[in-house]
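For reference, the structure discussed in these notes is given below.
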Protein chains: 2
Amino acid sequence: MDPSADSVPAPPALDGNHSKVLRHTGEFEWEGVPLEDYKSTTESWRGITRRELLGKRGESHDFHVRYFEIEPGGFSTLEKHQHEHAVIVQRGQGEVQFGCYVYRVGFGDVIYVSPEDPHQFRNPDDAGEPFGFLCIVNATRDRPQAVDGLGACHICE
Amino acid sequence: MDPSADSVPAPPALDGNHSKVLRHTGEFEWEGVPLEDYKSTTESWRGITRRELLGKRGESHDFHVRYFEIEPGGFSTLEKHQHEHAVIVQRGQGEVQFGCYVYRVGFGDVIYVSPEDPHQFRNPDDAGEPFGFLCIVNATRDRPQAVDGLGACHICE
């Protein structure tokens, strides 16, 4: 049945545990999905926004899918936590550091941050565009803890 | 510390529960990640490949991240299952159907398939390129069941 046919019900709402499509409107915005300030800027991080894509509107899977953007010169808190990050770069180029490793990453690169590894995401000052990425996490997870230094990660030890 | 410095350890292996980067080499291939035939072609589906990105190499999160491609004229099995799909389109354009809904989707569109909704992904015969998408699922999940028709979905009921 074609969705243009008269008999098709109204498009599904964004909220609820039913099948749905979140429309990408270009430039990494999605219809009906609000832009959220990730948290108020502090000395420990700068210039990050978040969009909650799946997991907080009634979807029942065991994970949350979010889209983050870091503006040029911005960076995330240097932190660690028990839960993992699964990241897929979608826009621009940026840096990710875990332990002693620094990676320059761009579209399509996949990043895994393992439990308790101190890590940080950054977009260089001279970047011409935002650094945007999908970040998938367990639905049930611990709170991040800021750390003073990158210290040792599982690789370095 | 810069990764080019002498003191930096060798890059992390793809296998193991440590932080890592899977390098996108362009054209939706990743260093060290094999291309898998999704399953042998049958009457019920055609022309799909899969790449396991995260979740099967020692990562400990509660979900698996895969990349699928459907060639022009290809389609997935019309099926249903208890586990959900979280899909983000990365390449080309294609169709997704659940219940009575058909959506044409392209880059950045986010698709959620709720439990037990019959669904199918398709790439039209005249498409000029593969239809590629990330698909995230719970690590623990039931097996799909092929269905004869799209039937009712949660929206239509």
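The values are calculated or read from the model by the stated rules, or taken from the named source; none is laboratory data. Only a predicted model underlies this, so the values are computations on that prediction, with no experimental measurement involved. For neighbour counting, all protein chains shown are included, and Cβ atoms are generated from backbone atoms with ideal geometry for every residue, glycine included.
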- prompt: Within the range A:77-96, is even one residue more than 10 Å from every other protein chain (Cβ to nearest Cβ), under 19 Å from B:LEU54 (Cβ atoms), in contact with an Asp or Glu (Cβ under 9 Å, 6 or more places away or on another chain) and in a loop (DSSP other than H, G, I, E, B)?
  reply: yes
- prompt: Quick one: A:ALA152 ticks every box in (1) at pLDDT 95 or above; (2) over 21 Å from A:HIS64 (Cβ atoms) bar one, so which box is it?
  reply: (1)
statement: Of the residues in the range A:77-117, those that are touching a residue at least 40 places away in the same chain (Cβ under 8 Å) and of a type in the set (A, V, I, L, M, F, W, C) come to A:LEU78, A:ALA86, A:VAL87, A:ILE88, A:VAL89, A:PHE98, A:CYS100
- prompt: What single numbered condition from (1) surrounded by fewer than 21 Cβ atoms within 10 Å (Cβ to Cβ); (2) modelled with pLDDT under 95; (3) not aromatic (Phe, Trp, Tyr) fails to hold for A:ILE48?
  reply: (1)
query: Can you tell me which residues in the range B:70-107 are touching a Phe, Trp or Tyr at 6+ places or on another chain (Cβ under 7 Å), farther than 20 Å from A:LYS20 by Cβ and crowded, with 23+ Cβ neighbours inside 10 Å?
result: B:ILE70
message: Quick check on the range A:37-54. Is at least one of its residues facing chain B (nearest Cβ under 9 Å), of a type outside the set (S, T, N, Q) and in a strand (DSSP E or B)?
response: yes
Count of residues meeting criterion [closer than 13 Å to A:HIS18 by Cα, not in a loop (DSSP other than H, G, I, E, B) and not aliphatic (A, V, I, L, M)] in the range B:108-134: 2
